[in-house]
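Worksheet: the structure to be examined is printed underneath.
Each reported figure results from applying straightforward, stated rules to the coordinates on display, with no laboratory input. Values in this document were obtained by computation on a predicted structure and should not be read as measured data. Backbone-built Cβ (ideal geometry, glycine too); neighbour counts: all protein chains shown.
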Amino acid sequence: MTGPAVGPLDPVAPAYGGGSLADVLPSALAVLGVPGAVDLLDLRPRLAGVRRIAVLLVDGLGWHQIPTAAPYAPTLAGLTAAVGVPLTSGFPSTTPTSLVSLGTGSAPGGHGVLGFKVRVPGTDRVLSHIEWSGDPDPLTWQPVPTQYERARAAGVAVTVVSRPEYAGSGLTLAANRGGDYRGAADVDALATRMLTALAAGAGPTLVSGYHPDLDRHGHLSGVDSAPWRLAAAEVDGLLARLVDGLPPDAALLVTADHGQLDVPAGHRVDFDTDPRLRAGVRVLAGEPRVRYLHVAPGATADVVAAWSEVLGDAARVTTRDELVAAGWFGPVPEEHLRRIGDVVAVCRGTHAVVATRSEHPIESRLVAYHGADTATEMTIPLLVVRG
C-alpha cells in the first residue's frame, strides 16, 4: 500500500500478496468459507456472519481521483473516509490486466494478460485484449482458474453483472468464467441485477459488478471535465442504491482497476514520426504510458540507449528481464515472458508515447491515460460496507 509520503506522481510498486487488487476475491472467498481461500486483506474480523458479498469494480476510480470526485459524489466520499483503504493495482495499471487479476486472484505474470496490447509470441500480431473474440483461445492464453470457478465448486452461487456486449468476449472468459453472466446496459440495470442476484437463494453468494463509464469519460474528456463529473455523480447514485439495498447478512466491496491522469499535448512523443524511436523496433505494443518494444535480434542495447536519449526524464527505459526480476509482474512463467517487450518504456510524470499512424487515431487523441507506475495510476480504493 502507499504511505502518506507518496505523492501523486511518485512511483508505487504493486503490493501483491496482501495489498493489491488480486487479493480482493481470495479474501472474499475466505469470508464465505471456501476451503483453502486465504484472507489476505484481513476481511473476516469486519465481516463475521456475512454470507453474501457483492464486489463492484468502478473502472478508472483511482484513490487519487476520489477527492476530485467528492463534490459530485458525497456517498463515495463518505464511504472512503469511513471504510476506505488504499490498495494497488497490478502492473501495468490497465483495465484488461486488472480485470483478470481481480477474477483470478493472480498477479499478471501468472495469468498472462500482461497489458492492454501484447504481441502474440512467434508472430508480429498485436492482440488488443479489449477486442479479443477468441483467437487465441482464452482458456489457453489465460490458464489460471478463476476465483468464480473456485467459489462455484465450493457451493457458492456466483453471478457476474456487466455490459451485454461484453458477454462471451475473450476478456470476459479470461476474467469471469465460472459466474452466471447477467447483462446490464446502464447503471440502473447494474444496481438492480446485482441486488437481485445478491438476495436470491439462502446459501453463500458472490456477485461481481463492473461499471465502465467514469474511465471512458476520463479518457475522452479528461479527469474533472464536465462529462467526468456527471459520471462521478452516476457512480455515487449506484453506490447509494447498493448500500441501501444490502441484505442484513451481506457486504459490499468497492474497488477499481486503476486511476487516470491527463497528458498535456506537449508531453506526447510520437513513435511514428521519430526515426530514432523506430530504429531496431520490430513490433510496438503496450499503450501510451507503458510501451512494449519487441526488437530486432541483437538490437536491445541500442534501443534502450536510443529511447533513453530521446525520452530523457520522461520515461524509465529498461529491459524485460530487469522488470521481471524486480517483481513488477509477479512470477512470470516461461510461456508468458515473450508477451512482454524485450525493452519496456514506463512513462514518468504526465508523459506518453503515442503512435499516430500505426495505431487507431483515437488512441493518440485521448485526454487521460493510465498504465504506468505513478501513485495516481496504481493506487486504488477498497471500500468495505456491511449490510
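Against the longest principal axis of the chain, how steep is helix 74-83, in degrees 0 to 90 to the nearest 10, with axes from Cα atoms?
Roughly 80 degrees, rounded to the nearest 10.
Length gain on complete extension for the stretch D244 to S225, per 0.36 nm per residue less the alpha carbon to alpha carbon distance?
Roughly 4.0 nm would be gained on extension.
Between A200 and V85, what length comes free when the chain is fully extended (0.36 nm per residue of separation minus the Cα-Cα distance, one decimal in nm)?
Here the segment from A200 to V85 would lengthen by 38.5 nm.
Using only the Cα atoms of the stretch 1-130, build the gyration tensor, take square roots of its eigenvalues as a ≥ b ≥ c, and label the shape rounded, prolate or oblate: rounded if a/c is under 1.5, else prolate if a/b is larger than b/c, else oblate.
Oblate shape, in that a/c is at least 1.5 and b/c is the bigger or equal ratio.
Expressed as a whole number of Å, what is the distance separating the alpha-carbon centroids of the stretch 249-322 and the stretch 86-114?
One Cα centre to the other: 18 Å.
In which sequence would D236, D313 go, from the one with the fewest C-beta neighbours within 10 Å to the one with the most?
Result, fewest neighbours first: D313, D236.
Between the helical axis of 300-311 and the dominant principal axis of the chain, each derived from Cα atoms, what acute angle in degrees is found, rounded to the nearest 10?
80 degrees
Can you pull the one-decimal nm distance between simple spin-label points at R46 and I362, each 7 Å off the Cα toward Cβ?
Distance between the two pseudo-spin positions: 3.6 nm.
Highest GNM mean-square fluctuation, the chain, Cα pairs closer than 10 Å: which of H360, H111, H351?
Looking only at H360, H111, H351, the largest GNM fluctuation is found for H360.
How much length is gained on full extension from V187 to L337, taking 0.36 nm per residue of separation minus their Cα-Cα distance?
Extra length from V187 to L337 when fully extended: 50.2 nm.
So what's the Cα pair-distance distribution over the stretch 286-327, bin width 10 Å, in %?
Histogram of Cα-Cα distances, whole percents per bin: 25, 59, 15.
Got a sec to turn the phi values of the stretch 282-291 into Karplus ³J(HN,Hα) couplings, 6.51 cos²θ - 1.76 cosθ + 1.60 with θ = phi - 60°, whole Hz, x for Gly and Pro?
With the stated coefficients, the stretch 282-291 comes to 8, 9, 9, 9, x, 7, x, 8, 9, 9 Hz.
Sort T123, T97, T300 by Cβ crowding within 10 Å, fewest neighbours at the top.
T123, T300, T97
Would you mind computing Rg(Cα) / (2.2 N^0.38 Å) for the chain, counting N as its residues?
Against the compact-globule rule of thumb, the ratio is 0.95.
Determine the principal axes of the Cα atoms in the stretch 265-368, then give the extent along each, sorted from largest to smallest and rounded to whole angstroms.
On the principal axes, the stretch 265-368 reaches 37, 28, 26 Å in Cα extent.
Test of understanding: extend the Cα→C-beta vector of R216 to 7 Å, then name every residue of the stretch 46-63 with backbone N under 15 Å from that spot.
What the label zone holds, given the 15 Å backbone N cut-off, is 58-61.
Using a simple charge model, +1 on the beta-carbon of Lys and Arg, -1 on the beta-carbon of Asp and Glu, nothing else, what dipole does the stretch 265-368 show about its Cα centre, in debye to the nearest 20?
So the dipole magnitude of the stretch 265-368 works out to roughly 200 debye.
Quick one: Debye curve from the C-alpha atoms of the stretch 170-277, no solvent, what's log10 I(q)/I(0) at q = 0.12, 0.15 Å⁻¹?
-0.57, -0.79
So what are the ³J(HN,Hα) numbers for the stretch 152-165, from phi and the Karplus equation (6.51, -1.76, 1.60; θ = phi - 60°), rounded to whole Hz, Gly and Pro as x?
After applying 6.51 cos²θ - 1.76 cosθ + 1.60, I find 4, 4, 8, x, 7, 6, 10, 10, 10, 10, 7, 5, x, 5 Hz.
For the stretch 29-52 and the stretch 150-183, what is the separation of their Cα centres, given in Å?
20 Å
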